[in-house]
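The values are calculated or read from the model by the stated rules, or taken from the named source; none is laboratory data. Every value quoted in this text rests on a predicted model; they were computed, and no experiment measured them. Note that we place each Cβ from the backbone using ideal geometry, even for glycine, and neighbour counts take in every protein chain shown. The area values use the complete protein model at the heavy-atom level, side chains included, leaving out ligands, DNA and RNA. Shrake-Rupley method; radii C 1.70, N 1.55, O 1.52, S 1.80 Å.
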Amino acid sequence: MAPATSGTRAAGRPTRMPRSARRSQLLAAAQDVFVAQGYHAAAMDDIAERAGVSKPVLYQHFPGKLELYLALLDTHCDAIIAKIQSAMEATTDNAERVRGATHAYFDFVSHESEAFRLVFESDLRNDPAVRERVERVEQASVEAITATIMADTSVDRARAEILAAGLTGISQVAARYWLTGGREIAQEEAERLISALSWRGIASFPLSGDHAGDPAGDSGDESAEESR
């Protein structure tokens with residue numbers, strides 16, 4: 001008899017699957033439950049039922065609910081970091097890099113799985129292990145953009161980090177606001193608007209070697225004053 005679509009046999013015994021495939025199946029089921037119910041309301045019984053396996057099978061792969069949740073977080077935290085790094089490495093055009101970083105957040109937030117809620121809206125953020133993972137996403141994203149800003153402008157690290165944090169922050173918040181607002185405009189247009197806002201700010205900083213003086217452009221203001 002062919003196995004049931006839930007991953008169990010008709011008689012109710014779990015279908016034998018490679019360990020990696022079973023782990024992926026359990027993570028997918030857990031994600032559905034955690035997104036729908038939040039960490040605290042979710043139960044391992046719910047996850048096992050969603051996956052179509054017995055609780056002992058679930059516990060063979062994950063010793064507890066927290067470990068399962070952290071495994072999911074690791075997967076999605078790594079994904080968003082990779083998206084940001086890829087955007088920085090895909091081109092040497094800084095305007096395109098800004099658009100790529102903005103798209104990375106919108107793409108992550110708009111995915112039908114709503115996995116972004118586990119990273120940005122977790123009801124377990126006070127847990128040290130969860131907080132460490134969320135902070136890792138923020139820091140790694142900021143670092144990738146900081147390195148690009150420093151390489152291409154005369155801005156020092158402290159200022160580059162503030163700019164990078166601003167870009168990641170505006171992209172994340174805007175993407176979530178766009179989603180919860182019902183996607184009243186197309187995603188592509190929303191990305192263009194946020195990219196334009198971010199780029200107009202970053203583009204005001206001179207390229208390395210182009211200008212001396214304060215990278216924020218104060219020296220240009222002083223020159224203008226002297227010429228009056």
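Of all helices (runs of 4 or more DSSP H) completely enclosed by region 131-228, which ones contain at least 1 residues that are among the β-branched types (Val, Ile, Thr) and modelled with pLDDT of 90 or more? Outline the logic, then answer.
Working: elements: 157-180, 187-202, 218-227.
Helices (runs of 4 or more DSSP H) meeting the threshold: 157-180, 187-202.
Here are some residues: Val35, Val57. Which one is modelled with pLDDT under 95, closer than 19 Å to Glu112 by Cβ and part of a helix (DSSP H, G or I)?
On the way: Val57 fails: closer than 19 Å to Glu112 by Cβ.
Answer to the selection: Val35.
Here is a list of conditions, (1) out of contact with any strand residue (DSSP E or B) (no Cβ under 8 Å at 6 or more places or on another chain); (2) over 30 Å from Ile185 (Cβ atoms); (3) open to solvent by less than 20 Å² (accessible area, probe 1.4 Å), and Glu67 meets all of them except one; can you say which number that is?
Evaluating Glu67 over (1) out of contact with any strand residue (DSSP E or B) (no Cβ under 8 Å at 6 or more places or on another chain); (2) over 30 Å from Ile185 (Cβ atoms); (3) open to solvent by less than 20 Å² (accessible area, probe 1.4 Å) leaves (3) as the failure.
Looking only at region 84-107, how many residues end up being closer than 21 Å to Leu163 by Cβ and either surrounded by fewer than 18 Cβ atoms within 10 Å (Cβ to Cβ) or hydrophobic (A, V, I, L, M, F, W, C) (or both)? So that I can check it myself, show each step before the final result.
At the first step, the residues of region 84-107 found to be closer than 21 Å to Leu163 by Cβ are 84-106.
From what's left, either surrounded by fewer than 18 Cβ atoms within 10 Å (Cβ to Cβ) or hydrophobic (A, V, I, L, M, F, W, C) (or both): 84, 86-93, 95-96, 98, 101, 104, 106.
Count: 15.
Select from region 149-169 the residues that are over 14 Å from the mean Cα position of the chain (by Cα) and open to solvent by 20 Å² or more (accessible area, probe 1.4 Å) and list them in ascending order.
Looking only at region 149-169, we keep the residues that are over 14 Å from the mean Cα position of the chain (by Cα), and these are 149-164, 166.
Listed by number, the residues that qualify are Met150, Ala151, Asp152, Ser154, Asp156, Arg157, Ala158, Arg159, Glu161, Ile162, Leu163, Gly166.
So which pairs qualify, if the first residue must be in region 62-85 and under 17 Å from Ala101 (Cβ atoms), the second must be open to solvent by 50 Å² or more (accessible area, probe 1.4 Å) and among the acidic types (Asp, Glu), the Cβ gap must be under 8 Å, and the two must be at least 6 apart or on different chains?
Hits for this filter: Lys83/Asp107.
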